[in-house]
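Structure record follows, encoded as structure tokens.
Just so you know, all these numbers are worked out from the coordinates, no wet-lab data involved. All values reported here derive from a predicted model rather than from experimental measurement. We place every Cβ from the backbone using ideal geometry, glycine too, and count neighbours over all the protein chains shown.
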Amino acid sequence: MSQTQPLLETQSISKLFGSVIALNDVSFSVRPAEVHCLLGDNGAGKSTLIKILSGVHQPTEGTYFFEGEPVSFSSPREALERGIATVYQDLALIPLMPIWRNFFLGLEPTKGWGPFKRFDADFAKKTVREELLKMGIDIRDPGQAVGTMSGGERQSIAIARAVYFGAKVLILDEPTAALGVKQAGVVLKYVVQAKTRGLGVIFITHNPHHAYAVGDRFTILKRGRTLGTFTKDELSREEMIRLMSGADELEAISHELEEIARREEAQDQQLAQLDQQLAKTLEELEEDTGRVQ
């Protein structure tokens, strides 16, 4: 497959939940050795799109391609078997288990045959150390409980595991959302490591600073629609923030509020004038009544 041909692509994808339109005419793609950032505020449709890409949902309309072929995944396992791995925020790691057990969770290597098969712990520990080292992570002890590790280190395990088990596309759902500045930087380094190993990385985030640091292309979602796909040459960080924050809408609302304030001020002035006229009329009536008496 050509490096310029998308690994994964959607064309005019829409998703309806009853009468609710979660996605409307969304086209998106990721190429090999590319970080494509999917940005948007809460409710923009990011979660719905990644659930379609990972096989949780099927689109209501539109076409989904993987490696140039139209596909329709009925489950996340089916998508994973084709090479689409999704790392969610909860990471699906068990804190009390050691690193090597978590790394092979559900896909345990065995040795022996028939009824004598057993978990090949030596292979698992050796492989974990080697695979994490390829990502630039030199772990102290593969037997260390995952619960004792930092958030960034846990993310690195999830990413390395996906790469080891043959992922071609790696979908990262808000991997830096709950991390401090230093740990977020560590995760961003691992994102770049995955890219250099030839994976297509879909990096979902609402943080434009993190996206701009590692992204090659950027798609901005808003209310289920795309505002466009851009490269760094086409979109500055400031413009990205403006598009994500809805600065145009805020400016329009600000103008509307100013107009309302002007109208209320004009009405107050009119009421004040009417009060003055009414008071003057009452005074004149009292004077006329006095003269008659």
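Length available on full extension from residue 232 to residue 19: 0.36 nm per residue minus the Cα-Cα distance, which gives 73.0 nm.
If R0 equals 25 Å, the separation of the Cβ atoms of residue 61 and residue 207 corresponds to a calculated FRET efficiency of about 0.25. A Förster radius of 41 Å, combined with the Cβ-Cβ distance separating residue 189 from residue 116, puts the computed FRET efficiency at roughly 0.45.
Within the shell defined by Cβ-Cβ distances under 15 Å, the residues around residue 79 carry a net charge of -2, with Lys and Arg each +1 and Asp and Glu each -1. Between residue 279 and residue 94, the contour length at 0.36 nm per residue exceeds the Cα-Cα span by 58.7 nm. Would segment 19-107 count as rounded, prolate or oblate if I go by the C-alpha gyration tensor, calling it rounded below 1.5 in a/c and otherwise prolate when a/b exceeds b/c, oblate otherwise? Note, shape of segment 19-107 comes out prolate. Residues of segment 157-191 with an amide N closer than 14 Å to a point placed 7 Å from the Cα of residue 148 along the Cα-to-Cβ direction: none.
Which residue fluctuates most in the GNM of the chain (Cα springs below 10 Å): 78, 283, 265? Of 78, 283, 265, the Gaussian network model singles out 283 as fluctuating most. The Cα atoms of the chain give a gyration tensor whose axes a ≥ b ≥ c have a/c of 1.5 or more with a/b greater than b/c, which makes the shape prolate.
Of all beta bridges that DSSP places with both ends in segment 8-245, some 55 percent have antiparallel geometry. Given points 7 Å out from each Cα along the Cα-Cβ axis, report the residue 239 to residue 69 separation in nanometres with one decimal. Distance between the two pseudo-spin positions: 3.9 nm. Label sites at residue 165 and residue 126, each approximated as a point 7 angstrom past Cα along Cα to Cβ, lie 2.2 nm apart. Fully extending the segment from residue 269 to residue 182 would add 25.6 nm, taking 0.36 nm per residue of separation and subtracting the current Cα-Cα distance. Once you have a ≥ b ≥ c as the square roots of the Cα gyration tensor eigenvalues for segment 6-155, tell me rounded if a/c is under 1.5, and otherwise prolate or oblate according to whether a/b is larger than b/c. Cα axes put segment 6-155 in the prolate bin.
Give the calculated FRET efficiency between residue 108 and residue 257 to the nearest 0.05, with a Förster radius of 51 Å applied to their Cβ-Cβ distance. Computed FRET efficiency for residue 108 and residue 257 comes out at 0.25.
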